[in-house]
Amino acid sequence: MQKKEFLIIPNTKDLDLYKKYNLNSFILPLQGFSIGYNCYFDIGEINELSKQYNIYVIVNKFLHMTIYDFKRIYNKFNNKIKFIVEDIGLVNIIDKDRLILYENHILSNYKAINYLSTLDINNVVINNDLTIDELKEIISKTSSNIYYYYVSKNMLMYSRRNLVKNFNKYYELEDTNNYLLSESVTHKELEISDEEVGSVVRYHKIFCASKYLNDLNILNLIIDLTNINDTSMHMILENIDNEKLCDLIDSDYYFLENDIKYKVGDIK
Amino acid sequence: MRKYELLLPAGDLNRLKIAIDYGADSVYIGGYDYSLRANANNFSLSEIEEAVKYAHERGKKVYVTVNMIFHNVDLDGLDNYLLSLDKIGIDSYIVCDFAVIEAIKRLKIKTPFFISTQKSITNLEAIKFYKSLGAYKVVLARECTRDDIKFFKENIDTEIEVFIHGAMCTSYSGRCVMSNYVTLRDSNRGGCSQVCRFTFDNNTNHDYAFSSKDLNMIDYISDMMDLGIESYKVEGRMKSLYYIATVANAYRTIMDKKINGTLKPDDIDYYKKVLNRVSNRENIAQFYNGVPSVEGQYYSGRQEVSNQDFLGVIVSYDKNKNEAIIEQRNKFSVGDTIEVFGPKTNVQKFKIEYIINEDNEQMDSAIHPQEILKINIPFEVQKGDIMRIQIT
């Protein structure tokens, strides 16, 4: 397994802003093929940045017929660039050594990871709703190159519908592409945002696994800065190697320490 | 097996029998473990055995969902469960997690498997991938359009299964964990609390809601059959017996009429009314003709309406007296015109002329659920046939 690498999903296109933190690896959302981010990059920009940085491209949309649009541009990317992909159809298009499979919230056990490895899919993003014990067991029973969302406002849902635009149109409201949603009973807050190709919901609190950095530092750790304000962002980047980071920002790591119930009878 | 498969859900053995009796070619069910409807009654292994026996005796199939997302702890017992289902003789596993595919292959299980809609398959390359793993069929993402499906059917021989009726997730299936974060229940292990049907404050003068209306493909079944889609799936393992009977009967009738060349616009109009009444939400064709706009969702919270169309079940019929003994479900009265339908009874109407209770008293109305009553029915009906209000 590779040694730890921090990978940044930026919330601005100006990557020079991150230089002072000595970060060299970035995951860039690809214009037209990604959803739910603050900024997107076209192929020219990505290739240019790949001359300076280690660049990964994230393609997190389900692609439908546009998978063939991706196929047409794939060979135009600098061949150092790797791809983090949600749509499993891309396994047939992207070279295996450049592909990192990212089935959001799906890949949750060691046997699945090991099975993918028999298919030469050795780079995977695992679910970050797992407990630390589950993660440790996965780490101990797999040899794949695992990526893990270490700090992020987790993406909880992805719809093909325009859930904000439709709401605004229904009530004849002024155009906005995002809302902060508050649930009246639990008071949990969600961030919904709309793009031309669909909508995503992110959790309002920042997931942060720093408390368990020593257990997780064998993984490639993704820091997704999307929707994170400047104050928290600087705190995160200044304390990227600090186990106490989760105490320095308004974070939530409930699932790292609590099994989630899934049958009503299990909920006491 | 028919070329075009009507696939119904069943949350328990009674529902399975109703689904089969009312026209399903196949039924999908979940065991106590590893399926995605933890709130449904679900089936024990002995009940699955009985279900398979009942189905196979009638030339029908049973698919078992093993489609939850497995955490490490869930892997214990998976092998034995898959082997038990294989031994029972189920017709297929419906799977999502790669750990299940791995186990099926490692154990050299002969029972075939196909891929759950939880994988949100939206393109031909994804179908090819799962075909390469041994899947003979894939359930498409509900977000696929007619153009997507047409392209698949023209370019691959893997069987295609599509949802034609029932509730829709707002999200691409499998990619939503709002339930986990808002209510601490794991959506991908059967605990979904349907947070997309909650309302939220969004700092406007309106509650924010974004739940989907239901899916109803009755207008497009003929077109879908022309495309060559093999399997037509109804959602709803937690739905009522009446719902299952009604939906199965509606689609069975439409598909059979299409096959034998007798399908008319009036048939579609009638069954559209039937399906609209049995659904507790509004329903549309959703993504078939493209991404739905404003009309595809609700904007003011839960919109379910209760349904009292189900009036009773036939217990027995006396041909000499033209009289039936029935078990009441919802109110009806002397003078009402009602419909009867069943597995061997085409939809027929009649007028209620009398209602007699078990004390031999004449009643103006039947108002007590599950009361046993005698009523006139001027044509032969069968035990288990269903009485409902007249659909106009």
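Annotations
- Cβ-Cβ distances below 8 Å connect the following pairs, each with a first residue in the range A:198-227 that is among the charged types (D, E, K, R), a second residue that is in a helix (DSSP H, G or I), and a separation of six or more residues or different chains: A:LYS211/A:CYS246; A:LYS211/A:LEU256; A:ASP215/A:ILE132; A:ASP215/A:LEU135; A:ASP215/A:LYS136; A:ASP215/A:ILE139.
- In the range B:9-30, the residues that are of a type outside the set (A, V, I, L, M, F, W, C) and closer than 16 Å to B:PHE341 by Cβ: B:ASP21, B:TYR22, B:GLY23
- So A:ASP129, is it in contact (Cβ under 8 Å) with a residue 60 or more places away in the chain, in the same structural domain as A:LYS244 (by TED's automatic domain parsing) and buried (at least 16 other Cβ atoms within 10 Å of the Cβ): yes
- Candidate set: the range B:193-206, residues that are touching a residue at least 60 places away in the same chain (Cβ under 8 Å), within 9 Å of chain A (Cβ to nearest Cβ) and not aromatic (Phe, Trp, Tyr); chosen: the one nearest to B:ARG142 (Cα to Cα): B:THR199
- Cβ pairs under 7 Å, 6+ apart, first in the range B:223-249 and more than 20 Å from B:ASN289 (Cβ to Cβ), second of a type in the set (D, E, K, R) and surrounded by fewer than 22 Cβ atoms within 10 Å (Cβ to Cβ): B:GLU230/B:GLU5; B:GLU230/B:GLU159; B:SER231/B:GLU5; B:SER231/B:LYS137; B:SER231/B:GLU159; B:ARG237/B:ARG37; B:MET238/B:ARG37
- Listed by position, the helices (runs of 4 or more DSSP H) inside the range B:27-117 whose residues that are more than 26 Å from B:SER132 (Cα to Cα), out of contact with any Ser or Thr (no Cβ under 8 Å at 6 or more places or on another chain) and in the same structural domain as B:VAL247 (by TED's automatic domain parsing) number at least 3 are B:45-57.
- Among the residues of the range B:167-182, just one is without any contact (Cβ under 8 Å) to a residue 24 or more places away in the chain and more than 7 Å from chain A (Cβ to nearest Cβ), namely B:SER179.
- Among (1) farther than 22 Å from B:TYR251 by Cβ; (2) out of contact with any Ser or Thr (no Cβ under 9 Å at 6 or more places or on another chain), the one test that B:PHE332 misses: (2)
- Qualifying positions in the range A:10-31 - out of contact with any strand residue (DSSP E or B) (no Cβ under 8 Å at 6 or more places or on another chain) and not hydroxyl-bearing (Ser, Thr, Tyr): A:ASN11, A:ASP14, A:ASP16, A:LEU17, A:LYS19, A:LYS20, A:ASN22
- Just one of (1) modelled with pLDDT of 95 or more; (2) more than 8 Å from chain B (Cβ to nearest Cβ); (3) within 30 Å of B:GLU143 (Cα to Cα) fails for A:LEU248. It is (3).
- Residue match in the range B:144-166 (condition: in a strand (DSSP E or B), over 17 Å from B:CYS96 (Cβ atoms) and within 14 Å of another protein chain (Cβ to nearest Cβ)): no
- Counted residues, the range B:349-366 - those being outside any strand (DSSP E or B) and farther than 30 Å from B:ALA19 by Cβ: 8
- From the list A:LYS211, A:LYS244, the lone residue that is in contact with an Asp or Glu (Cβ under 9 Å, 6 or more places away or on another chain), of a type in the set (Lys, Arg) and in the same structural domain as A:HIS105 (by TED's automatic domain parsing) is A:LYS211.
- Single unsatisfied condition, A:LEU17 versus (1) assigned to a strand (DSSP E or B); (2) closer than 19 Å to A:ILE240 by Cβ: (1)
- In the range B:253-297, residue nearest to A:VAL197 (Cα to Cα) [restricted to those that are touching a Gly at 6+ places or on another chain (Cβ under 9 Å) and β-branched (Val, Ile, Thr)]: B:VAL291
- Top-ranked residue of the range B:353-392 - restricted to ones that are surrounded by 15 or more Cβ atoms within 10 Å (Cβ to Cβ) and among the basic types (Lys, Arg), ranked as nearest to B:PHE310 (Cα to Cα): B:ARG388
- Pairs, first among the basic types (Lys, Arg) in the range B:140-156, second part of a helix (DSSP H, G or I), C-beta under 6 Å, six or more apart: B:LYS150/B:LEU227; B:LYS153/B:LEU227
- Among the candidates A:ASN92, A:ASN122, A:ASN38, A:ASN114, the residue that is touching a Leu at 6+ places or on another chain (Cβ under 8 Å) and within 30 Å of B:ALA103 (Cβ to Cβ) is uniquely A:ASN122.
- Checking B:ALA141, B:ALA103, B:ALA99 one by one, the residue that is modelled with pLDDT of 95 or more, more than 25 Å from the chain's Cα centre (by Cα), within 21 Å of B:ASP186 (Cα to Cα) and at the interface with chain A (Cβ under 8 Å from one of its Cβ atoms) is B:ALA99 and no other.
- For A:LYS136, the stated conditions hold: it is more than 8 Å from chain B (Cβ to nearest Cβ), among the basic types (Lys, Arg) and surrounded by fewer than 21 Cβ atoms within 10 Å (Cβ to Cβ).
- Residues satisfying the stated conditions in the range B:367-392, i.e. charged (D, E, K, R), closer than 21 Å to B:VAL278 by Cα and not in a loop (DSSP other than H, G, I, E, B): B:ARG388
- Qualifying position, being closer than 21 Å to B:ARG142 by Cα and of a type outside the set (Ser, Thr, Tyr), among B:ILE259, B:ILE221, B:ILE268, B:ILE314: B:ILE221
- Residue satisfying condition, being assigned by TED's automatic domain parsing to the domain that holds B:ILE268, touching a residue at least 60 places away in the same chain (Cβ under 8 Å) and among the basic types (Lys, Arg), within set B:ARG281, B:ARG329: B:ARG281
- One residue from B:SER120, B:SER116 being of a type in the set (Gly, Ala, Ser) and within 10 Å of chain A (Cβ to nearest Cβ): B:SER120
- When A:ASP87 is tested against the conditions (1) out of contact with any helix residue (DSSP H, G or I) (no Cβ under 8 Å at 6 or more places or on another chain); (2) buried (at least 17 other Cβ atoms within 10 Å of the Cβ); (3) of a type in the set (D, E, K, R), the lone failure is (1).
- Which listed residue is touching a helix residue (DSSP H, G or I) at 6+ places or on another chain (Cβ under 6 Å) and away from every other protein chain (no Cβ under 14 Å), from B:ASP309, B:ASP226: B:ASP309
The values are calculated or read from the model by the stated rules, or taken from the named source; none is laboratory data. What you are looking at is a predicted structure, and each value in this text was computed from that prediction instead of being measured. All Cβ positions, glycine included, derive from the backbone under ideal geometry; neighbour counts span all protein chains shown.
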